[in-house]
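Derivation of every value follows stated rules applied to the coordinates shown; laboratory data play no part. Given the structure is predicted, the values throughout are model-derived calculations rather than measurements. As a convention, Cβ positions derive from the backbone with ideal geometry for all residues, glycine included, and neighbour counts pool all protein chains shown.
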Amino acid sequence: MGKSKRNSPKPDSNRAQRLAERRAAQEQAANSETRPYAGLAAECDLVALREFVPSATAVVKLAPGVNAEREVTVSTVLPGAVSALVRAGAEPIGFIGLQTQFQSGNPAADLAASILWTQTAAPGASLDHAPVEGAPALTEVLDPGAGLDIVVHQDFNWWVPADVTPDPQVAATIQQATAAIMPSARLELGADLPGAAWWVDAGERAHLRWVRPEDEDALMIALARVHAAGGLHLGEGSRFAGSFRTHGLLVPVFDLDRERHADEWIAPATEFGARLAAALASDEPLTSEERRSRDGLRSRQVTLR
């Protein structure tokens, strides 16, 4: 007896479209990297620059096996949200944008392919979308042990060389992009505290977003221990807002009194980091109160705006 065709959607039906979209989403999820920047010392900073830092740049160190013809600078976003460009000059420089208009679903491959493109592209050329097919592993392109010396900008004047006067259209674009920037700063907490802690003034209040490198479940348990002990805060003028997940990492978020300067949160964040480190080192079973804290914290998801 043949199979019924009742459940087969017509090619032009809404159901067929939904099924096609679902399959495409599943395929993209299968091809995407859960933790694309794993294995790099700069992992947490790359996640921050890609996800929420408005304007920042950093010269990267390429892996020893790469035939490096030009210096490469990674940035948050480039003009037109392109993937890469080569700035002309006596010594052409490659620029990589992490916040791009077109993405493959594999940020590691996008970055690796964009970096390699800058080494051979003509000065003045730009790349809308990196050709990721056949791209090597990112750890073969970037030096895995090198961190990022990040320069945070409060404008987009770095889009043009310092000795160049932009034409009126470019100047207007820079001014428009700069007007949308939320003041941001990376908190320098010391080498013994892992991750990347970023302060941002979002208008009504400020936030601290701390990209952490630990396993998500282990970090959530540690946060629960700290919360149950009454230490999930950065002192007066702060409160724990929740967390979000991105690129396989968990990012705790604190609401802060925006009247205080970013540097004023370094000491409180350092103290919190010490409490969290002690909780991460504990292998004791969770108490009933800590389990309740963990369950409550899991539901406190925040959304980037």
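The residue among Pro285, Val60, Gly97 whose Cα reaches farthest toward the positive pole of the charge dipole of the chain, with charges on the beta-carbon of Lys, Arg, Asp and Glu, is Pro285. Counting 0.36 nm for each residue step from Asn157 to Ala179 and taking away their Cα separation leaves a gain of 6.7 nm. For the chain, the membrane-span-like helix rule (DSSP H, alpha carbon extent of at least 20 Å along the helix axis, mean Kyte-Doolittle at least 1.6) picks out no helix; this says nothing about an actual membrane.
Report the extension gain between Asp192 and Glu71 in nm, rounded to one decimal, defined as 0.36 nm multiplied by the number of residues separating them, less their alpha carbon distance. Walk me through the numbers on the way to the answer.
Values: separation 121, 0.36 × 121 = 43.56 nm, distance 2.94 nm.
Value of the extension gain: 40.6 nm.
Report the charge-dipole magnitude of the range 140-258 in Debye, nearest 20, computed about the Cα centre from +1 at each Lys and Arg Cβ and -1 at each Asp and Glu Cβ. Don't skip to the answer; put the middle values down first.
Details: 8 positive and 17 negative charges, 95 e Å.
The calculated dipole for the range 140-258 is roughly 460 debye.
Scanning residues 5 or more positions from Leu250 or on other chains, those with amide H under 5 Å from its amide H are Arg212, with H placed 1.01 Å from N in the peptide plane. Close amide H contacts of Trp198 (hydrogens built in the peptide plane, cut-off under 5 Å, sequence separation of 5 or more or a different chain): Leu187, Arg209, Trp210, Val211. Identify which of the listed values of Cα extents along the principal axes in Å was calculated from the structure shown: [x] 76, 61, 41; [y] 77, 51, 39; [z] 53, 43, 39. Comparing each candidate, only [x] matches the computed number. Calculated on the alpha-carbon coordinates, the convex hull of the range 152-193 measures out at 77 cubic angstrom per residue. The phi-based Karplus calculation (6.51 cos²θ - 1.76 cosθ + 1.60; θ = phi - 60°) puts the 3J(HN,Hα) values of the range 188-195 at 8, 9, x, 5, 7, 10, x, x Hz, whole numbers, x for Gly and Pro. Estimated at 0.36 nm per residue, the fully extended path between Ala81 and Arg298 surpasses their Cα-Cα distance by 74.8 nm.
Using the Karplus relation 6.51 cos²θ - 1.76 cosθ + 1.60 with θ = phi - 60°, the per-residue 3J(HN,Hα) values for the range 124-135 come to x, 7, 10, 10, 6, 9, 6, x, 7, 4, x, 5 Hz, with x marking Gly and Pro. Here the range 43-179 is treated with +1 on each Lys and Arg Cβ and -1 on each Asp and Glu Cβ, and its dipole about the Cα centre works out to around 120 debye. Close amide H contacts of His153 (hydrogens built in the peptide plane, cut-off under 5 Å, sequence separation of 5 or more or a different chain): Ser55, Ala56, Thr57.
Computed from point charges on the beta carbon alone (+1 for Lys and Arg, -1 for Asp and Glu), the dipole magnitude for the chain about its Cα centre is near 1780 Debye.
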